[in-house]
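Asker: Okay, handing you the structure first.
The values are calculated or read from the model by the stated rules, or taken from the named source; none is laboratory data. As the structure is a prediction and not an experimental result, all values here were calculated from the model. We place every Cβ from the backbone using ideal geometry, glycine too, and count neighbours over all the protein chains shown.
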Amino acid sequence: MKICVLPGDGIGQEIVTQAMRVLDAVGQRFGRTFETTEALIGGCAIDAEGVPLPDQTVAMCKEADAVLLGAVGGPKWDTIDPAIRPEKGLLGIRKALGLFANVRPARLYKQLADACYLRPDIVAKGLDVMVVRELTGGIYFGEPRFDGEKDGERFGYNTMTYYEHEIRRIARVAFEAARKRSGRVCSVDKANVLDVSRVWREIVIDEHKKYADVELSHMYVDNAAMQLVRDPSQFDVIVTGNLFGDILSDEAAAITGSIGMLPSASLGESNPGLYEPIHGSAPDIAGQDKANPLATILSVSMMLRHSFNMVEEADCIENAVEKTLEQGYRTGDIRQEQCEMVGCTAMTEAVLANMA
Ligand code: IPM
Ligand code: MG
């Protein structure tokens, strides 16, 4: 199995380094060999090569069976020409690999119930949502786009576009995912206002005809944002477009207590999948061994499960993470009284010990 590793910026390097230790350990335990290569993306690629996504990085990712990414961006590149911002590297690799489906499971570990921002009676009802976000279309990529001037003042726009085939394939991912969960899909749009959303809803309804065993509902995005904090237990799979999915997946992550816990998978038709924590590069704590490595470690387990079909290996990592939380190890983002505060390395070592 070939894995291309893209640590990126900020805490990206340290969380990926730690996650690779977990990958090595699981390989040793189950007799698997993982061949890894490393490439540049984001700010570090701008510094070294002048672009956020060097051609060589794309080529190396295409040759791999899966990609593990840390995070991109930081204040150092905030004032750079927007055409080469670090984020363009991430958007570029998603597009180059055709990773149209971004799967973001937000579940609350019972050990972290106290870290949850919601009222205990709401938490008690459970929180296990999977956001399926369309990743290579919508307003992120739609043309035309413009940043300039008109009628003597600054003026800009983007365009939210969706083709039927883009909607059908992401709807299928959501329906398939729901079949392996509680069998419910909520499609989120803004069909009361946006034309593109009316097309979205019509096609989702049509695609659903092939999935009669799955329950489909629809919600406007503003209401969905509210319902997620009011009663998240009503959701199983949420399927939505690129921008709404970006926003709702951060919200879903935050209500579980910490964005530092959540992994994600970006999948396409045939190219390698890309796995990354959903949090960013956290430049404020970079290089201090404070970051929570669990989202990246859990991204490795998602990789093993989805790209390599290594179920036991993935279970081994996930069980070890849960046990580590049970033993009371906490990084700063999930800190709790009476629990031991540890850094990125020590947290990983606890996970490694629990895998043995
Ligand atoms: C995410 C991030 C990215 C996005 C940024 C960094 C380009 O917020 O993965 O959710 O908007 O997709
Ligand atoms: Mg985001």
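Asker: Considering only residues that are closer than 15 Å to Met219 by Cβ and within 10 Å of ligand 1 (Cβ to nearest atom), which ones fall in region 237-248?
Answerer: Our first condition is that a residue be closer than 15 Å to Met219 by Cβ; within region 237-248, this holds for 237-241, 244-245, 247-248.
Of everything in region 237-248, those that are closer than 15 Å to Met219 by Cβ and within 10 Å of ligand 1 (Cβ to nearest atom) turn out to be Gly245, Ile247.
Asker: Moving on to the next point. From the residues in region 118-137 that are basic (Lys, Arg) and touching a residue at least 40 places away in the same chain (Cβ under 8 Å), which one is farthest from Leu91 (Cα to Cα)? Give the derivation first.
Answerer: Initially, region 118-137 is screened for residues basic (Lys, Arg), giving 119, 125, 133.
Next cut, touching a residue at least 40 places away in the same chain (Cβ under 8 Å) only: 125, 133.
Numbers: Lys125: 36, Arg133: 14 Å.
The extreme case among them is Lys125.
Asker: Sticking with this structure for a sec: Does Asp222 satisfy being more than 16 Å from ligand 2 (Cβ to nearest atom), assigned to a helix (DSSP H, G or I) and in the same structural domain as Ala59 (by TED's automatic domain parsing)?
Answerer: So Asp222 does not fit the description; no.
Asker: If you go through region 318-342, how many residues are at pLDDT 95 or above, out of contact with any Leu (no Cβ under 7 Å at 6 or more places or on another chain) and surrounded by 19 or more Cβ atoms within 10 Å (Cβ to Cβ)?
Answerer: The qualifying residues number 6.
Asker: A further question on this structure: Could we say that Met261 is modelled with pLDDT under 95 and either among the basic types (Lys, Arg) or out of contact with any Lys or Arg (no Cβ under 7 Å at 6 or more places or on another chain) (or both) here? I'd like the intermediate steps shown before the answer.
Answerer: Values: modelled with pLDDT under 95: yes; either among the basic types (Lys, Arg) or out of contact with any Lys or Arg (no Cβ under 7 Å at 6 or more places or on another chain) (or both): yes.
So Met261 fits the description; yes.
Asker: Of the conditions (1) touching a residue at least 24 places away in the same chain (Cβ under 8 Å); (2) more than 13 Å from ligand 2 (Cβ to nearest atom); (3) over 30 Å from Asp121 (Cα atoms); (4) among the small types (Gly, Ala, Ser), Ser266 satisfies every one except a single condition; which number is it?
Answerer: Every listed condition holds for Ser266 apart from (2).
Asker: Here's a follow-up. Would you pick out the residues in region 274-292 that are surrounded by fewer than 21 Cβ atoms within 10 Å (Cβ to Cβ) and either modelled with pLDDT under 95 or assigned to a strand (DSSP E or B) (or both)? Can you show your working first?
Answerer: Residues of region 274-292 surrounded by fewer than 21 Cβ atoms within 10 Å (Cβ to Cβ): 280, 283-290.
Residue satisfying the conditions is Gly280 alone.
Asker: Kindly indicate whether Asp284 is within 11 Å of ligand 1 (Cβ to nearest atom) and of a type in the set (Asp, Glu). Give the derivation first.
Answerer: Numbers: within 11 Å of ligand 1 (Cβ to nearest atom): no; of a type in the set (Asp, Glu): yes.
No.
Asker: Tell me, which helices (runs of 4 or more DSSP H) wholly within region 51-141 include 2 or more residues that are modelled with pLDDT of 95 or more and within 20 Å of Ala295 (Cβ to Cβ)? Before you say what the answer is, go through the steps one by one.
Answerer: Values: elements: 55-63, 86-96, 120-123.
So the answer is 86-96.
Asker: Could you check Gln111 against (1) in contact with a helix residue (DSSP H, G or I) (Cβ under 6 Å, 6 or more places away or on another chain); (2) closer than 21 Å to Val221 by Cβ and say which number it fails?
Answerer: Unmet condition: (2).
Asker: From (1) more than 16 Å from ligand 2 (Cβ to nearest atom); (2) of a type in the set (Ser, Thr, Tyr); (3) in the same structural domain as Ala224 (by TED's automatic domain parsing), pick out the condition that doesn't hold for Ser307.
Answerer: Against the list (1) more than 16 Å from ligand 2 (Cβ to nearest atom); (2) of a type in the set (Ser, Thr, Tyr); (3) in the same structural domain as Ala224 (by TED's automatic domain parsing), Ser307 comes up short only on (3).
Conditions (1) out of contact with any strand residue (DSSP E or B) (no Cβ under 8 Å at 6 or more places or on another chain); (2) not β-branched (Val, Ile, Thr), marked per residue:
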{"site": "Pro7", "(1), (2)": "no, yes"}
{"site": "Gly12", "(1), (2)": "no, yes"}
{"site": "Thr17", "(1), (2)": "no, no"}
{"site": "Met20", "(1), (2)": "no, yes"}
{"site": "Arg29", "(1), (2)": "yes, yes"}
{"site": "Glu38", "(1), (2)": "no, yes"}
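Asker: Tell me which residues, restricted to region 240-269, are among the aliphatic types (A, V, I, L, M), touching a Pro at 6+ places or on another chain (Cβ under 8 Å) and buried (at least 24 other Cβ atoms within 10 Å of the Cβ).
Answerer: First, pick out the residues of region 240-269 that are among the aliphatic types (A, V, I, L, M): 243, 247-248, 252-255, 259, 261-262, 265, 267.
Of the ones still in play, those that are also touching a Pro at 6+ places or on another chain (Cβ under 8 Å) are 252, 255, 262.
Hits for region 240-269 are Ala252, Leu262.
Asker: When you scan region 255-277, do you find a residue that is within 11 Å of ligand 1 (Cβ to nearest atom) and over 11 Å from the mean Cα position of the chain (by Cα), even just one? Quick ask: steps written out before the conclusion?
Answerer: First, the residues of region 255-277 that are within 11 Å of ligand 1 (Cβ to nearest atom): 259, 262, 264, 266, 274, 276-277.
The next check asks that each one be over 11 Å from the mean Cα position of the chain (by Cα); those that pass are none.
So far as region 255-277 goes, no, none of its residues is within 11 Å of ligand 1 (Cβ to nearest atom) and over 11 Å from the mean Cα position of the chain (by Cα).
Asker: When both residues are 6+ apart or on different chains and their Cβ atoms are under 6 Å apart, which pairs have a first residue that lies in region 152-171 and is in contact (Cβ under 8 Å) with a residue 60 or more places away in the chain, and a second that is among the small types (Gly, Ala, Ser)?
Answerer: Met160/Gly138; Met160/Gly142; Tyr162/Gly137; Glu166/Gly137; Ile170/Ala101
Here's the yes/no breakdown for (1) outside the structural domain of Val58 (by TED's automatic domain parsing); (2) surrounded by fewer than 16 Cβ atoms within 10 Å (Cβ to Cβ); (3) touching an Asp or Glu at 6+ places or on another chain (Cβ under 8 Å):
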| site | (1), (2), (3) |
| --- | --- |
| Gly73 | no, no, yes |
| Asp78 | no, yes, no |
| Asp81 | no, yes, no |
| Lys88 | no, no, no |
| Ile93 | no, no, no |
| Ala96 | no, no, no |
| Ala106 | yes, no, yes |
| Leu112 | yes, no, no |
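Asker: Return the residues of region 228-239 that are buried (at least 17 other Cβ atoms within 10 Å of the Cβ), more than 16 Å from ligand 2 (Cβ to nearest atom) and within 22 Å of His208 (Cβ to Cβ); say none if nothing qualifies. Full working, then the answer.
Answerer: From region 228-239, those buried (at least 17 other Cβ atoms within 10 Å of the Cβ) are 228, 232, 235-239; that's our starting set.
Pick out the ones that are also more than 16 Å from ligand 2 (Cβ to nearest atom) and you get 232, 235-237, 239.
Matches in region 228-239: Phe235, Asp236, Val237, Val239.
Asker: Filter region 240-252 for residues that are at pLDDT 95 or above and outside any loop (DSSP other than H, G, I, E, B); which is nearest to ligand 2 (Cβ to nearest atom)?
Answerer: Asp246
Asker: Within the bounds of region 289-305, is there any residue that is away from ligand 1 (no atom under 16 Å from the Cβ), within 23 Å of Ala64 (Cα to Cα) and basic (Lys, Arg)?
Answerer: Yes, some residue in region 289-305 is away from ligand 1 (no atom under 16 Å from the Cβ), within 23 Å of Ala64 (Cα to Cα) and basic (Lys, Arg).
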